[in-house]
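For reference, the structure is listed below as C-alpha cells.
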Amino acid sequence: MSDISTPCQTCRDVEVSKFLSLGMQPACDLLANATEVDNEKFYSLELGFCPKCSLVQIVKPVDERVLFSDDYHHIAGLTRSYREHVRGLAGELAALHNLKARRRSAIEIGSNDGTLLDELGECGFDVVGVDPCGTVSRGGRPVITEYFSSDIARRLLSDTGPADVILANNTLAHVSNLHDFLDGIRSLLSDDGIFVSESHYLPELLQSLQYDFAYHEHSRYYSLTALQVAFELHGLEIYRVQRIPTHGGSIRVYAGFYGAHEIHDSVALMRNSEDSLDLTDETVYSEFATRVVNHRDSFRRMLKELTADGSRIAAASFPARAVTLLNYCSLGPDEIAFISEISQLKIGRLSPGSHIPIVHQEELCGPEQPAYALLLSWHIADELISRLRMEGFKGKFIVPLPEPRIIS
C-alpha cells in the first residue's frame, strides 16, 4: 500500500503539496427554504499542487454524483458572450472537416442546455450530447443523461461508431475519475478524430487572483503542462492550443492519437511560457495564498466603508463561482441585501452557505434600487454593466476581483 496520503489525481504516485484553505464550503446547490438551510452540508475546500505535473487540485474532492444533482442550475447559453463563443467554435470545427464529402459525427460531453449541440448541428454535424443534468436542446438534439465513462463510451461506439469530434468544454475539472474519462475518449475517438477541451487556465487563475473559481464542482485546475501529462498517459497527443477569454481566461486544447495531426507551434510556445512561470515551485502558490487572504481583508473593509452611511449593496447575477467568494469573505444578508437574477431556476432560492435571497432582476433595477451592485460574474463585467444600464440600474458597480474597485 502507498504511503502517500494525498496523491496527485493525475500522477497518482506523487504527494500533493497543500497551499490554500478556503474553509468549509457548501456545494453550489441553491436552497429552497429554511429546512434545506438546516440540512445543508459543508465540505473542506483546500487546494494543493503537484510538484511533478503542476496540476492544482482540491485536496479532498467531493464525488460528482453528490455535486451534480437533478437540481443543477447552470444554463450555459444564458449569456450572449458564451453563445457567440460556441458559435465560433462550431464554425471552426466545420471548416476543418469537409462536411460536403460526408457527414461527420460530434459528441459533446457536458452538453448542458445544448447550445453548442445546436450550433454544431446547424454546421452539418450529426450530434449527440452526454450530460447527467443535460436537456434536449432547442433544436431537439439528443442527449444521453448519464455521466460519461469508459462504459458509456463503449455503448456509444457500438451504437454510432467512432466519433470524428469529441468536445468537453469546462468538463475535465468536474469528473471524479479523470483516468476512466480519458480511457473513454480514447476508445470512442476515430483514428484521425479530434478531442477538443476547454478548461480554466491555471496561470490566468494565479495572475488574476481568481480564487473564486475554486469550488467543489471543480476538482482540478489545468496548465498545458498538466494536461499533456494526463493525456499522454492515455495515448493522446496535444497538437494545438489556444488562449480564449471565457470564464476569465481559459485554454482550448486540440488532441488526437500520436502522429494523426501535425504539431502546431502554439504548443511549444505555451510550454516555454509555462516553464518560465515555475508552476511546480511552492513559492508561486504560497504567494498566491497570501494575496488571497489580503484580498479578503481589503474587500470586506471596502464594503463596510461603502455602507457606513446606510447605503445598500445588492449583487447582480449568481454564478457558481460566487459561492466561494461570498462564503470565504463571510458575506451574508447583513452585507448583501439580495442577489438579482434572470434565470428562473435561481429566482426565489437562497444562495448556498451565505443564504442571501435571490430575486428577479427587476428588484435591482426598480424604483427602490440599491446604491451599489456587486458583480459576482465580474469576469463578464462589461456585458453585465451594459445590460443593467439598459434595464435601468443607476447606481455604482463593485468589481470584486482581481482588486476591489468601483465603477460609476
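Values in this text are rule-based calculations from the coordinates and carry no lab data. Given the structure is predicted, the values throughout are model-derived calculations rather than measurements. Heads up, the Cβs are rebuilt from the backbone with ideal geometry, glycines too, and the neighbour counts pull from every protein chain shown.
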So for the pair H264, E403, with labels modelled 7 Å out along Cα→Cβ, what separation do we get in nm? 3.4
Cβ charges +1 (Lys, Arg) and -1 (Asp, Glu), total dipole of region 142-244, debye: 140
Inter-label distance for L209 and R138, nm, one decimal - labels placed 7 Å from Cα along Cα-to-Cβ: 3.8
Cβ-based charge dipole, the chain, positive-most Cα from T171, L224, S354: S354
Shape parameters for region 303-408, alpha-carbon atoms, Rg then Dmax in Å: 12.4, 34
Round to the nearest 0.05 the FRET efficiency obtained for K52 and V293 when R0 = 25 Å and r is the Cβ-Cβ distance. 0.40
Note the angle between two axes, namely the Cα long axis of helix 282-306 and the longest principal axis of the Cα atoms of the chain, as a number of degrees from 0 to 90, rounded to the nearest 10. 30
Ordered by number, the trypsin sites (Lys or Arg not before Pro) in region 276-329 that occupy a DSSP loop and have at most 16 other Cβ atoms within 10 Å are R312
Charges on Cβ only, +1 for Lys and Arg, -1 for Asp and Glu, centred on the Cα centroid of the chain; of S276, S21, A322, which one is farthest towards the dipole's positive end? A322
Stretched out fully, how many nm does the piece from A95 to D382 gain, at 0.36 nm a residue minus the Cα gap? 100.3 nm
Cut-off under 23 Å on the C-alpha distance; same-chain residues fewer than 8 positions from K60 excluded. Which lysines are left, in chain and number order? K18, K41, K52
Search the structure for amide H atoms under 5 Å from the amide H of S176, placed 1.01 Å from N in the peptide plane, and list their residues when 5 or more places away or on another chain. E64
Return a whole-number percent for the relative contact order of region 331-408, with Cα pairs under 8 Å and 6 or more residues apart as the contact set. 23
Return the sequence-ordered ³J(HN,Hα) values of region 225-240 in whole Hz as given by the Karplus equation 6.51 cos²θ - 1.76 cosθ + 1.60 applied to θ = phi - 60°, using x for Gly and Pro. 4, 5, 5, 4, 4, 5, 5, 4, 5, 10, x, 10, 10, 7, 10, 7
How about region 134-222: which trypsin sites (Lys or Arg not before Pro) there lie in a loop by DSSP and see at most 15 other Cβ atoms within 10 Å? R138
So what J values fall out for region 376-383 if you push phi through Karplus, 6.51 cos²θ - 1.76 cosθ + 1.60 with θ = phi - 60°, rounded to Hz, Gly and Pro as x? 6, 8, 5, 6, 10, 4, 4, 5
For region 146-157, Karplus couplings with θ = phi - 60° (6.51, -1.76, 1.60), whole Hz, Gly/Pro x: 9, 6, 5, 7, 5, 5, 5, 4, 5, 5, 5, 4
Once every DSSP H run of n ≥ 4 in the chain is given -39500 (n - 2.57) and the sum is divided by its residues, what mean residue ellipticity at 222 nm do you get, rounded to the nearest 500 deg cm²/dmol? -9500 deg cm²/dmol
Value of Rg/Rh across the chain [Cα atoms, Kirkwood radius]: 0.97
Any idea how far apart R243 and E122 come out in nm if each label point goes 7 Å out from Cα toward Cβ? 2.9
So how tilted is helix 265-275 from the main axis of the chain? Cα-based, degrees 0 to 90, rounded to 10. 50
Which percentage, to the nearest 5, of the DSSP beta bridges contained in the chain is antiparallel? 50
